[in-house]
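The next block holds one structure in the form of structure tokens; read it before the comments.
The values are calculated or read from the model by the stated rules, or taken from the named source; none is laboratory data. In this text, all values refer to a predicted model and were calculated from it rather than measured experimentally. When we count neighbours, we look across all protein chains shown, and the Cβ atoms used for this are built from the backbone with ideal geometry, even at glycine. Just so you know, the surface numbers come from the protein's heavy atoms only, side chains and all, with ligands and any DNA or RNA stripped out. Shrake-Rupley method; radii C 1.70, N 1.55, O 1.52, S 1.80 Å.
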Amino acid sequence: SLTAPNPKAQAALLKDAVRDAGIDPTTIGYIETHGTGTELGDPIEIQGIIEAYQELCDESGLTFSDEARCGLGSVKSNIGHLELAAGVAGLIKVVLQMRHKTLAPSLHATEQNPFIKLDGTPFHIVRESQPWPASKDDNGQELPRRAGLSSFGFGGVNAHLVVEEYLNPESTREPLDAPVLIILSAKDKHRLMDVVRNLLLATAGKDRPNLHDLAYTLQVGRDAFQERLAFEAGSYEALHDVLKGILAEYDVPGVYRGRAHFNSAAANMFDDETEKAQTVREWWQNNEMAKLLSLWVNGLDIDWNKVDGRGILNRVRLPVYPFARESFWIEPQQQNQLNESTVALSAGTEDLHATLLDRVVRGDCSAEDAIRLVRERQG
């Protein structure tokens, strides 16, 4: 019912999700619960989790351990219930925990609900920040971190995700005997300078990605906007020299600039996508990089994923788009006094009430001023 969730339905959901994922349930190290903090709902949810995992272990011939190795938590204890956004808030928390390899504590959980019984189960409530170790297979190799995520609707709609940590495959890169192509874009020239500045700052330290991966991320991991620049770089020193020159507004040799238009000659060079992909591939193989970059900055749409011969490349963490830091707050009214001339004095009392209420809601006048005018009109 609306006030009493069904533990069997929740348990069945969890079992289906783990089966569909095709994983060992004992490798799940954390479950982000729906966890609203209610006296009845939380114990029902925990009981559903225990029943589901016990049955999954029995099916797979695994031991339902009494070692508390799987954490339970709820982001609602940190930021409250976000209603329709509650599920994605939990997902963001799970992903951040995977990124930092750390389980974040649930707040206000010092005193446990007496109806939640976790003794003899592999579950424990995360009450303080703690490392999140990776599970290991039978050969002692580390497995990706895995988590469950529940979100239950008030009307009985139940959802559960199994989330697995992404691990980069081993990269195979050609020796850096040829420059990489650096492409940058933004919606206007001011934002483009911010893009250049942020890339320079992000790669200034020693902890920076392989230059091949950096170039690949800029090519396939960012939208191509209208204002563009592109150049070749054979090292981080060369990359930084170019970026500094651009910021200093020098005329840097080898830097191509342009503004892409959908109706430009570059954008409409090819009518056939297959022909374009083949031509771009030939330019790449023949080292005609100047042609590639000059056409790209003027609007040629290039599918960089279809360029061959680069080995396995990884996306890396780089600065995202630098939105303009401009505020557009509505300025407060210069005066809070209601100008009677703005209200139709010929209006009847009912119309006057509606007009004044609308103005109070919009913030054009205060409630006190509205009450004062009504009393004056009523004599």
Legend entry - Sum of side-chain charges, residue 130 neighbourhood, beta-carbon under 13 Å (Lys, Arg +1; Asp, Glu -1): +2
Legend entry - CD proxy at 222 nm, helix term only [per DSSP H run n ≥ 4: -39500 (n - 2.57); per residue of the chain; nearest 500]: -11500 deg cm²/dmol
Inset, instruction - With a 1.4 Å probe and every protein chain kept in, tell me what percent of the accessible surface of the chain is carbon plus sulfur. - result: 51
Inset, instruction - Among 144, 209, 131, determine the one that fluctuates most according to a GNM of the chain built with springs between C-alpha atoms less than 10 Å apart. - result: 131
Legend entry - Candidate residues 27, 110: accessible-area rank, largest first, probe 1.4 Å: 110, 27
Legend entry - DSSP beta bridge pairing in the chain, given as percent antiparallel to the nearest 5: 70
Legend entry - Accessible-area order (highest first, 1.4 angstrom probe) of the listed residues 138, 241: 138, 241
Inset, instruction - Just tell me which lysines come within less than 19 Å, Cα to Cα, of residue 291; anything on the same chain fewer than 8 places away is out. - result: 276, 306
Legend entry - Dipole magnitude of the chain, debye to nearest 20 (Cβ charges: Lys/Arg +1, Asp/Glu -1, about Cα centre): 800
Inset, instruction - Would you mind calculating the relative contact order of the chain from Cα pairs under 8 angstrom and at least 6 residues apart, reporting the percent as a whole number? - result: 13
Inset, instruction - Express the relative contact order of segment 1-87 as a whole percentage, based on alpha carbon pairs under 8 Å and six or more residues apart in sequence. - result: 38
Legend entry - Projected label distance in nm at residue 36 and residue 251, using a 7 Å step from Cα toward the beta-carbon: 6.8
Inset, instruction - Would you mind working out the accessible area per residue for segment 134-275, using a 1.4 Å probe, and quoting it in Å²? - result: 59
Legend entry - segment 138-239, relative contact order [Cα under 8 Å, separation at least 6], %: 30
Inset, instruction - Pull up the cross-link candidates among the lysines for residue 101, meaning alpha carbon to alpha carbon under 21 Å and not fewer than 8 places away within one chain. - result: 76, 93, 136
Inset, instruction - Keeping all protein chains in place, calculate the accessible area per residue for segment 28-122 (probe 1.4 angstrom), answer in Å². - result: 52
Inset, instruction - Name the residue farthest towards the positive end of the dipole of segment 1-152 from the options 12, 41, 132, assuming +1 on Cβ of Lys and Arg, -1 on Cβ of Asp and Glu, about the Cα centre. - result: 132
Inset, instruction - Tabulate in residue order the Karplus-calculated ³J(HN,Hα) for segment 206-220, using 6.51 cos²θ - 1.76 cosθ + 1.60 with θ = phi - 60°, rounded to whole Hz; enter x for Gly and Pro. - result: 7, 7, 9, x, 4, 4, 4, 5, 4, 5, 5, 5, 5, 7, 10
Inset, instruction - With a 1.4 Å probe and every protein chain left in place, tell me how much accessible area residue 251 has, in Å² to the nearest 10. - result: 150
Inset, instruction - Match the structure shown to one of the listed values (1) 1.42; (2) 1.10; (3) 0.97 of Cα Rg over 2.2 N^0.38 Å, computed from it, and give that label. - result: (1)
Inset, instruction - Among 154, 192, 216, pick out the residue whose Cα is farthest towards the positive end of the charge dipole of the chain, where Lys and Arg carry +1 and Asp and Glu carry -1 on C-beta, about the Cα centre. - result: 192
Inset, instruction - Specify which residue in the list 201, 322, 367 is farthest towards the positive end of the charge dipole of the chain, using unit charges on the beta carbon of Lys, Arg (+1) and Asp, Glu (-1), about the Cα centre. - result: 201
Legend entry - Given charges at beta-carbon only (K, R positive; D, E negative), |dipole| of segment 53-144 in Debye: 540
Inset, instruction - Please calculate the 1.4 Å probe accessible area of residue 152, with all protein chains present, and give it to the nearest 10 Å². - result: 30
Legend entry - Point-charge dipole on Cβ atoms (K/R +1, D/E -1) for segment 108-223, about Cα centre, debye to 20: 500
